[in-house]
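First the structure, in the form of structure tokens, and then the observations on it.
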Amino acid sequence: GQSDKGVSRQNNEDNFCVEEDLRLFIVADGLGGAAAGEVASRMAVETIRDYVKRSSTMNEPFVGDYDKRFSNASNRIASGIRLANQAIYEASQSNVKWRGMGTTVAAALLDGSKMSIAHAGDSRIYLIRESAIVQLTDDHSIVSEKIKSGRLKKKEAEGSEVRKIIKRALGTTPCVDSDHDETNIMDADRVVLCSDGLTTMAPDNVIS
């Protein structure tokens, strides 16, 4: 994993986690227009990581409703995200300097050959198999909705005034809906988790 603050901001609001023992991978991108984005992204990564670590060795209860459509691993990562959202929101309410802070998140947890993924916001997860790259997540953004509905072309989105407006993030509301999915992984597959700091600068073929 690696990160770079880029040229437009004074601090780096991204945080990430590579836990090979847990087979857990997380990227979080603090909201650039809000206070303490780097605090929110760090809290997201640490809360999810610590919850997954505890629940893998102890009888840690799931947080929120258990979704029977998905495996224990998927419900574990969903629980971690709910816990992180709660922690960030409560922290923002208790400290005026942190009021309104939030972060996107994308997380992957491997169990054998099955990968559980979850995300909120516009941080993404890609699967690269042979010469093909597939985006496994859909951005929770106004631009993404317009592209899906046919009101905006992908090329036009690059210059859109609402390109950076996201519709979901951790910590901005008491509860958050994150999207979840599961996919099977093959030996030669590569998986990329990244923030919009990469996807707004590099097209898919460059990422792969």
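The values are calculated or read from the model by the stated rules, or taken from the named source; none is laboratory data. None of the values given here were measured: they were computed from a predicted structure. Ideal geometry is used to build each Cβ from the backbone, glycine not excepted, and the neighbour counts take in all protein chains shown. Note: accessible area is taken over every heavy atom of the protein model, side chains too, but ligands, DNA and RNA are not part of it. Shrake-Rupley method; radii C 1.70, N 1.55, O 1.52, S 1.80 Å.
Numbers at a glance
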| item | result |
| --- | --- |
| Any hit, segment 157-166, residues being touching a strand residue (DSSP E or B) at 6+ places or on another chain (Cβ under 6 Å) and at pLDDT 85 or above | yes |
| Subset of segment 94-108 [under 22 Å from the mean Cα position of the chain (by Cα) and not aliphatic (A, V, I, L, M)] | Trp98, Arg99, Gly100, Gly102, Thr103, Thr104 |
| Odd one out for Thr47 among (1) open to solvent by 40 Å² or more (accessible area, probe 1.4 Å); (2) outside any loop (DSSP other than H, G, I, E, B); (3) more than 13 Å from Met101 (Cα to Cα) | (1) |
| Scope segment 125-144; condition part of a helix (DSSP H, G or I) and polar (S, T, N, Q); matching residues | Ser144 |
| Lone qualifier among Glu90, Glu46, Glu19 - being in contact with a Lys or Arg (Cβ under 8 Å, 6 or more places away or on another chain) and modelled with pLDDT of 95 or more | Glu19 |
| Number of positions in segment 56-71 that are of a type outside the set (Asp, Glu), surrounded by 12 or more Cβ atoms within 10 Å (Cβ to Cβ) and more than 21 Å from Ala28 (Cα to Cα) | 6 |
| Pairs where the first residue, in segment 92-112, is within 16 Å of Ile81 (Cα to Cα) and the second is part of a helix (DSSP H, G or I) and of a type in the set (S, T, N, Q), C-beta under 7 Å, 6+ apart | Met101/Ser92; Thr103/Ser41 |
| Positions within segment 62-104 being more than 10 Å from Gly171 (Cβ to Cβ), outside any helix (DSSP H, G or I) and either among the β-branched types (Val, Ile, Thr) or in contact with a Gly (Cβ under 8 Å, 6 or more places away or on another chain) (or both), in sequence order | Val63, Thr104 |
| Hits in segment 15-35 (condition: of a type in the set (Asp, Glu) and open to solvent by 40 Å² or more (accessible area, probe 1.4 Å)) | Glu19, Glu20, Asp21 |
